1. Can you work out D for the chain in µm² s⁻¹ from Stokes-Einstein, where Rh is the Kirkwood radius over C-alpha pairs, the temperature is 4 °C and the viscosity is 1.567 mPa s?
2. At 0.36 nm per residue, minus the direct Cα-Cα distance, what do LEU246 and GLU87 gain on full extension? Give it in nm, one decimal, please.
3. Using 0.36 nm times the number of residues separating LYS22 and GLN170, minus their current alpha carbon distance, what extension gain do you get?
4. Just list whichever of LYS99/LYS263; LYS184/LYS257; LYS13/LYS205 have alpha carbons separated by over 27 Å in the model shown.
5. Pick from GLU106, GLU171, GLU21: which residue has the top mean-square fluctuation in a GNM of the chain where Cα pairs under 10 Å get a spring?
6. Mind sorting VAL159, VAL228 by how few other Cβ atoms lie within 10 Å of their own Cβ, fewest first?
7. What distance in nm lies between label points placed 7 Å from Cα along the C-beta direction at VAL113 and ASP52?
8. Over the stretch 172-255, what is the relative contact order in percent, taking alpha-carbon pairs closer than 8 angstrom and at least six residues apart?
Amino acid sequence: LILIGERINGMYKDIGRALREKDPAPVQEWARIQVERGADYLDANVGSSVDDQVESMKWLVGTIREVTDCPLSLDSPKAEVIRAGLEAAGAGSIINSCKAQRSTIEVLFPLAVEHGARVIGLTMNETGIPRDADARTELAMELVAAADEFQLPMENLLVDPLILPVNVAQEHIAEALKTISAVKMLSNPAPLTIVGLSNISHKAKDRSLINRTFLVMAMAVGLDAAIVDVCDDLLIDGVATARVLLNQEIYADSYVKLFRSRKAR
Ligand code: THG
């Protein structure tokens with residue numbers, strides 16, 4: 001499973017303040033911690049409360065780059081903010097994200113090809129997030145067709161079925177799982193699949209339990225990547241265990257330790 005550390009996001013108080021005051025300390029601290037805990041990518045999101053998002057993204061990426069060369073997932077709904085991040089981050093970034101609508105695809109897919117970046121394609125468009133798996137899968141098909149059209153290698157497309165909080169949209173969760181299995185059968189090679197995991201437990205009581213239960217279920221139906229709290233030890237232990245149970249890893253008594261040592265840098 002590709003692990004993307006969620007913590008460098010302006011929605012967190014410490015990062016929001018760091019962005020407004022241009023204080024590198026919390027950003028660099030979270031970059032180091034998440035890399036140490038095995039993040040393959042770091043999500044970088046300036047949030048919506050800063051005045052100049054383009055300027056803030058440049059500062060955020062430059063600040064992270066002073067302490068690590070870990071690839072970044074540049075998280076913004078605005079193409080110009082993502083472009084600024086790509087230029088500052090160097091090769092191998094992820095564009096997070098692109099809705100399944102023509103106007104956005106035409107801008108972001110060529111940008112990804114130009115920068116050798118991956119793209120997270122969301123199964124939503126102008127009209128919002130569909131409720132059922134079939135409608136989400138149709139949008140995934142449009143993203144797959146766009147990857148062919150713009151010559152984005154299929155392993156550089158990550159389809160996100162979008163998971164919503166269980167306490168507001170409970171019926172969406174099983175549909176998101178069905179979407180993941182359907183997407184893995186859309187094409188050969190298939191695109192990768194991804195979720196932003198912590199969404200699912202927003203404002204719920206036992207967040208860690210809900211997060212890890214969903215994550216192992218999603219891995220069983222073909223999830224390839226997740227934006228997660230990499231500091232949640234029980235979550236990472238669950239990922240390591242699911243890999244063994246799904247026969248993606250040879251069993252050894254020390255499999256948790258082995259998984260962690262392979263991921264950490
Ligand atoms: N898909 C894609 N990208 C995404 C998401 C997604 N990026 C953002 C988000 N969803 C994934 N990242 C987070 C990060 C934090 C939280 C949830 C998802 C979170 N934060 C605490 C909260 O809101 O309760 C903040 C608490 C605090 O302020 O301390 O839950 O789905 N492609």
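Just so it is clear, none of the values below were taken in a lab; they were calculated from the coordinates. Model, not experiment: these values are computed from the prediction. Neighbour counts run over all protein chains shown; Cβ positions are idealised from the backbone, glycine included.
1. 69
2. 53.4 nm
3. Roughly 49.4 nm would be gained on extension.
4. Exceeds cut-off: LYS99/LYS263; LYS184/LYS257.
5. The residue that fluctuates most here is GLU21.
6. Ascending number of Cβ neighbours within 10 Å: VAL228, VAL159.
7. 3.3
8. RCO, the stretch 172-255: 29 percent.
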